[in-house]
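Right, one structure below, let's go through it.
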Amino acid sequence: MGIIAIFIFIIGIVMEEYFYGFTIAMFFYLFDSNHKLKHRVFLLEKNTHIPKQKAQLDKENSIDNPITNEPTAIPLTESFEGPTISKAFSAEEQYTNEHTQIIKEQNLTPPESTLHSDEKSIVTSNNHHLISRCLSKISETILSTIFGPITALLSSFIDIYQHYKKQGKAPAFFLTIAGIITLVMGFGYLLQYSFNEYLPPSGKVVCAYLICITLMIFAMKLHKKRPDMSEFSASLIGLSLILFYLSSYFLGPFYQLTSDLVTFILLSLITLIGYILAKQYETRIVAFISLLGGAIAPILISGTAEQTPLLYLSFLCLICIGALPLAFSIRWPLLSQMSLVLSIAMVEFILAQADLTPSFFILFLLHIFFYQLLINIYFQWYKFKSSHANCIIQLSTIVAFILLTLEQTTLNNTQYAYLLLLNACITGSLFLISKFKLKKMQVPHTQEINIISIILSGLFIGIALLMMISPNFLGLIWGVEGLLLLFLGLYFGYPSVRKEAFLLLFIAILISIINISTWLFNAIAPLPILFKLTFDSGYLNLLSLVCVSFTIGKILQRFSDVLTPLENLGKTVFYQLSYILFSLFFMLSLASILPEGFWLLIILPLFYLTYISHKKDWGNIEKIALLHWFILLIPIIASALYVGNFHFSMQTTVAKIARIEAFLSLWAIAYYYRKFFKLSPLFNLAQKLDTLFFLLLPIFFLPSVYRNIPEAITLALWVSALISIIIFYKLKRDILWTMAKILVFIAALTSLYACYLVKFNSWQGYGLSALLLGCILLFILLLSIKAFTTSPELSHSLKTVKHKIVSLFIPTCIYWGISLFILIYGMSNDLLYGLFSVLIYCILLLVLPSFRIELKKHFGYISYCIWILSLALILGLWGKINSINLLYMSPVYLPLLLGLFLFSYSNNPLCVLTRRLGVKQRISMLLSHAYLTSFYLSMTYYYTLDLTGPLTSIILVVHGTNLLFHTLKAKYQWLMPVSIGYFSVATAKIMLWDISDFTVLQKVIAFMFIGSILLIAAYQFQKLKTKNE
């Protein structure tokens, strides 16, 4: 049958008779569904075998819970709510569940075929109804999302279908609907095509009206005699109304028997009759047809809507107003919602189609529509208890409706704004009436009325101001309106009004920010000015932004006991924002007055915001306050970009002052915190700024000195080092001492390098002066802490820094030694004198008690230096053997040799300590004798005499003999190999070179002296050896 239904439907489409195809297909489908349902019930009863005990129990159950398929009269006042899933069982399911439960209780096992049939029937039935219910819920949700208020009508249709389906009347429901539609279409075609030969057009229309009247009277009598068929009779009344509308169509537009105005009046009477019948019989279908026909029929049937749109709009307004009490009378809120939707749709349709000239009457009608729609929503909210969300959507729709229609029907923006202000006054007066009059009369729900009236009033005022006022001042106006709404919402306790207020304030702040940004962008000037501001709308927007943010904080502070947590947070945010904006307002005000000099005063808000942040315990404001310091960098960078470099002397005046101010502000911020805010979380950061200031202070002037007086940079470095040391002495911070040491080392190295440049590159700088200045400064520094005394009596401040300054003692001594070498070398132009002076200096470091205090543990290094310098002198002697003057060099080498032998042989505690820490005694003795040998050999070979060779041999023998006598003491026994070595060298020299080269006289002298020396030495050695034994 389903296939046949589809086939018939396709045939209807092919023949372009859509309605017939759809109707017949629906009929066959319903007939097929009903046949299958009956067949399933028949199989269930046939295959079920129940014992007598079960039959008895069935009988009792049937008495308690009778199941009947007879139609029951449904009251018109019943609300057709759709069944829930847990209760939506049909009679078939109820019977099946009872049967299964009885089998379980009687412990009876039915036949296998019976169980199989039961299970199949139960599963099929449950699946069928579960799918039906799920599709119903899903379709209802989707339609609610898409169609909004129209969803209620569709949902009601689905609920009515479920209601009839629960009673087993679903086929009757569809058949009734299909019958009505079929009769209407047939009646229309009857009037159009039938009785062409027998009845004229007027006769056809009269017959049509008579049929309509007859059908209506029949329906009314049926309702009166058979209350159980009230729904069917209501359907017939609705059918008669539809036929009335259709007959009017043929009376007017089709056959042109009456004018459009008469047809319109007739349609109005039909609508009025429909309203009366709907109220009398409390039937919803009649009310719906009357409303829909009254609203749409004049457009489809009569030309009144296009010819006299004002008349139609007046009639539409009346039927929509009448629909509201009718909906309340028959307890059907959906009718009021449909009237709302029809009102908006039809008015917009007329405004779009008809050529309306703006007039007072059309504006009056639009306002009547608007306020009757507001009353409609009021009834839905408080009388029908409709969904609040649905009512809010409808309220938003009608507000958009009045705004759009007024914009379409007004002449200009000014008239539009005045009308909105008029509506704002009306809604505002409604608030006053509700607040002070209705509340005393104890009218319910006055608070909601107050909230809605305030919101509407604020919305109308805001849009009116948007139309009337320049966009440059909208931020100010909307800000004032938002403040007023915020105060009213807090004062009267309306959260919704507060939300609208915050929305308006957000828009106002956003508009002001945009205007301020535009103002600043337009004020950009070429370098180095950057900004050239004027007192115009941007400045006023900034002032309004400051005032609005501060006022918001004050209002929220006043009503702090009723604020939500989010509003409490907003209170703090707006308070903080107001102070930040005030700082910005102060700076830009100065910029408007002093375009170039305002940079010098922008540091003042830093101290003000810091004070406010501690007074009100706002940590974020304190951080933002410190960021003001970076604003001082803007003119500095701008001037550098303008000039092309960062040279202080070449910058603009403002940039120079800003650089000095930024530098001094580092100290001022730290001092401000030390004086007033020692417990601040940013106190340590402020002190670091202070430290940065004192780190930069000693070197602040060095770039200028290097660029303007490069020859004096060495002196400037020593002055910078001295300033750094003094700062450390006052503040006693470790990082300052590190900076001081770095400057001292840089100054020392720079002075040494400057001396090199002066000597070898002919540099005209103050190298030697810087070298001597460094020596003096370091000496004064060590003298100030009494580093040269054994038991200094220092003040408390010096004791705290002594261990720091004493660490410079060794580097200072090294610097003095290098300086002495450079000074002597520069004066004598002789490297040997310079080395000798350093050697003497090292020996004095060991000998003088003032230095011995701090250098005692470094004696070993000093001894190494002494021996290295001595070696350098000996090598220098050999390097200048041809140009040396013995008398000239004797004051150098004789004290040197004496000093070396003294340190090697002396038992003085100082010498012993030096040998223990440095070069050991044996090595020092060997080096002393090696240096002595080198000295006398160089001296003998310097003088080219005939006796040079024999003299050298004689001296070597004497030196070896001396070493031999050393071995008489046990501690010098280790010198025996050295003595033998000297004798061996002397013998080899005589035998290999002297004999061949000497003359006879030289041989006599050499052998005689050597022999005498050896005999005398042998005698004395033997004598001393015997004495010691």
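Based on what the data block shows, is Ile237 buried (at least 17 other Cβ atoms within 10 Å of the Cβ), in contact with a His (Cβ under 9 Å, 6 or more places away or on another chain) and closer than 23 Å to Ile319 by Cα? Break it down stepwise before answering.
Details: buried (at least 17 other Cβ atoms within 10 Å of the Cβ): yes; in contact with a His (Cβ under 9 Å, 6 or more places away or on another chain): yes; closer than 23 Å to Ile319 by Cα: yes.
Here the answer is yes, as Ile237 does meet what is asked.
Which condition number in (1) surrounded by fewer than 18 Cβ atoms within 10 Å (Cβ to Cβ); (2) of a type in the set (Phe, Trp, Tyr); (3) closer than 30 Å to Gly597 by Cβ is the one that Phe492 fails?
(3)
Only one of Phe531, Phe487, Phe502 is surrounded by 14 or more Cβ atoms within 10 Å (Cβ to Cβ), of a type in the set (Phe, Trp, Tyr), over 30 Å from the mean Cα position of the chain (by Cα) and at negative phi. Can you tell me which?
Values: Phe531 fails: over 30 Å from the mean Cα position of the chain (by Cα); Phe502 fails: over 30 Å from the mean Cα position of the chain (by Cα).
Testing whether each residue is surrounded by 14 or more Cβ atoms within 10 Å (Cβ to Cβ), of a type in the set (Phe, Trp, Tyr), over 30 Å from the mean Cα position of the chain (by Cα) and at negative phi leaves just Phe487.
Checking Gln256 against (1) in a helix (DSSP H, G or I); (2) farther than 18 Å from Leu316 by Cα, which single condition isn't satisfied?
Answer for Gln256: the failing condition is (1).
Report those helices (runs of 4 or more DSSP H) wholly inside the range 650-741 carrying at least 3 residues which are within 39 Å of the chain's Cα centre (by Cα) and either surrounded by 14 or more Cβ atoms within 10 Å (Cβ to Cβ) or of a type in the set (A, V, I, L, M, F, W, C) (or both). Steps first, please.
Working: elements: 653-676, 683-696, 702-708, 713-731.
Filter on the range 650-741 gives 653-676, 683-696.
Going through the range 494-518 one residue at a time, which ones are in contact (Cβ under 8 Å) with a residue 24 or more places away in the chain and charged (D, E, K, R)?
Arg498, Glu500
Given the structure, is Val286 touching a Gly at 6+ places or on another chain (Cβ under 9 Å) and in contact (Cβ under 8 Å) with a residue 60 or more places away in the chain?
Values: touching a Gly at 6+ places or on another chain (Cβ under 9 Å): yes; in contact (Cβ under 8 Å) with a residue 60 or more places away in the chain: no.
Spelling it out, it is not the case that Val286 is touching a Gly at 6+ places or on another chain (Cβ under 9 Å) and in contact (Cβ under 8 Å) with a residue 60 or more places away in the chain.
How many residues are out of contact with any helix residue (DSSP H, G or I) (no Cβ under 7 Å at 6 or more places or on another chain), closer than 20 Å to His628 by Cα and either aliphatic (A, V, I, L, M) or at pLDDT 90 or above (or both) when one looks only at the range 672-695?
So the answer is 1.
Search the range 241-252 for residues that are in contact (Cβ under 8 Å) with a residue 12 or more places away in the chain and of a type outside the set (D, E, K, R) and pair each with any residue that is surrounded by fewer than 23 Cβ atoms within 10 Å (Cβ to Cβ) and not in a helix (DSSP H, G or I) when their beta-carbon atoms are under 6 Å apart and the residues are at least 6 apart or on different chains.
Sorted first by the residue in the range 241-252, then by its partner, the pairs are Leu251/Leu257; Leu251/Thr258; Gly252/Thr258.
In the range 322-373, what residues are in contact (Cβ under 8 Å) with a residue 24 or more places away in the chain, out of contact with any helix residue (DSSP H, G or I) (no Cβ under 7 Å at 6 or more places or on another chain) and not aromatic (Phe, Trp, Tyr)?
Correct list: Arg331, Glu348, His367.
Check the range 710-718 and report whether any residue there is more than 24 Å from Trp816 (Cα to Cα) and of a type outside the set (A, V, I, L, M, F, W, C). Write out each step before concluding.
Step one: of the range 710-718, the residues more than 24 Å from Trp816 (Cα to Cα) are 710.
From the residues that got through so far, the ones that are of a type outside the set (A, V, I, L, M, F, W, C) too are 710.
For the range 710-718, residues more than 24 Å from Trp816 (Cα to Cα) and of a type outside the set (A, V, I, L, M, F, W, C): present.
Give the residues of the range 657-687 that are basic (Lys, Arg) and in contact (Cβ under 8 Å) with a residue 12 or more places away in the chain, sorted by residue number. Reasoning before the result, please.
So in the range 657-687, the residues basic (Lys, Arg) come out as 659, 674-675, 678.
Within the range 657-687, Arg659, Arg674 meet the criteria.
So that you can scan it fast, the table gives a plain yes or no per residue for (1) more than 13 Å from Val205 (Cβ to Cβ); (2) among the charged types (D, E, K, R):
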{"residue": "His223", "(1), (2)": "yes, no"}
{"residue": "Glu231", "(1), (2)": "yes, yes"}
{"residue": "Leu236", "(1), (2)": "yes, no"}
{"residue": "Ser248", "(1), (2)": "no, no"}
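Which residues, taken from the range 285-300, are touching a Ser or Thr at 6+ places or on another chain (Cβ under 8 Å) and surrounded by fewer than 21 Cβ atoms within 10 Å (Cβ to Cβ)?
The answer is Ile285, and nothing else.
Which fully enclosed helices (runs of 4 or more DSSP H) of the range 778-874 have 3 or more residues being at pLDDT 75 or above and either closer than 30 Å to Thr933 by Cβ or assigned by TED's automatic domain parsing to the domain that holds Leu749 (or both)? Write out each step before concluding.
Values: elements: 796-806, 809-828, 831-847, 849-855.
It comes to 809-828, 831-847.
Of the residues Ile237, Ile242, Ile273, which is closer than 16 Å to Ile296 by Cα, assigned to a helix (DSSP H, G or I) and of a type in the set (A, V, I, L, M)? So that I can check it myself, show each step before the final result.
Details: Ile237 fails: closer than 16 Å to Ile296 by Cα; Ile273 fails: closer than 16 Å to Ile296 by Cα.
Step by step, each of Ile237, Ile242, Ile273 is checked, and only Ile242 is closer than 16 Å to Ile296 by Cα, assigned to a helix (DSSP H, G or I) and of a type in the set (A, V, I, L, M).
Can you confirm whether Asn472 is surrounded by fewer than 21 Cβ atoms within 10 Å (Cβ to Cβ) and touching a helix residue (DSSP H, G or I) at 6+ places or on another chain (Cβ under 6 Å)? Break it down into steps so the answer makes sense when it comes.
Numbers: surrounded by fewer than 21 Cβ atoms within 10 Å (Cβ to Cβ): yes; touching a helix residue (DSSP H, G or I) at 6+ places or on another chain (Cβ under 6 Å): yes.
Spelling it out, Asn472 is indeed surrounded by fewer than 21 Cβ atoms within 10 Å (Cβ to Cβ) and touching a helix residue (DSSP H, G or I) at 6+ places or on another chain (Cβ under 6 Å).
Considering only residues that are of a type in the set (D, E, K, R) and in contact (Cβ under 8 Å) with a residue 40 or more places away in the chain, which ones fall in the range 578-623? Step through it out loud before you land on a result.
Of all residues in the range 578-623, those of a type in the set (D, E, K, R) come to 596, 615-617, 622-623.
Passing the criteria: Glu596, Lys616, Glu622, Lys623.
A quick yes/no check of all residues on (1) under 21 Å from Leu365 (Cβ atoms); (2) more than 58 Å from the chain's Cα centre (by Cα):
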position: Ile276; (1), (2): no, yes
position: Tyr281; (1), (2): no, yes
position: Ile285; (1), (2): no, yes
position: Leu291; (1), (2): yes, no
position: Leu300; (1), (2): no, yes
position: Leu310; (1), (2): yes, no
position: Ala323; (1), (2): yes, no
position: Ile330; (1), (2): no, no
position: Leu334; (1), (2): no, no
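If you scan the range 556-583, which residues turn out to be surrounded by 15 or more Cβ atoms within 10 Å (Cβ to Cβ), among the aliphatic types (A, V, I, L, M) and not in a loop (DSSP other than H, G, I, E, B)?
Residues of the range 556-583 surrounded by 15 or more Cβ atoms within 10 Å (Cβ to Cβ): 556, 559, 563, 567, 570-583.
So of that shortlist, the ones also among the aliphatic types (A, V, I, L, M) come out as 556, 563, 573, 577, 580-581.
Residues satisfying the conditions are Leu556, Val573, Leu577, Ile580, Leu581.
The values are calculated or read from the model by the stated rules, or taken from the named source; none is laboratory data. A quick note: this is a predicted structure, and the numbers were derived from the prediction, not measured. Positions of Cβ are backbone-derived with ideal geometry, glycine not excepted, and every protein chain shown enters the neighbour counts.
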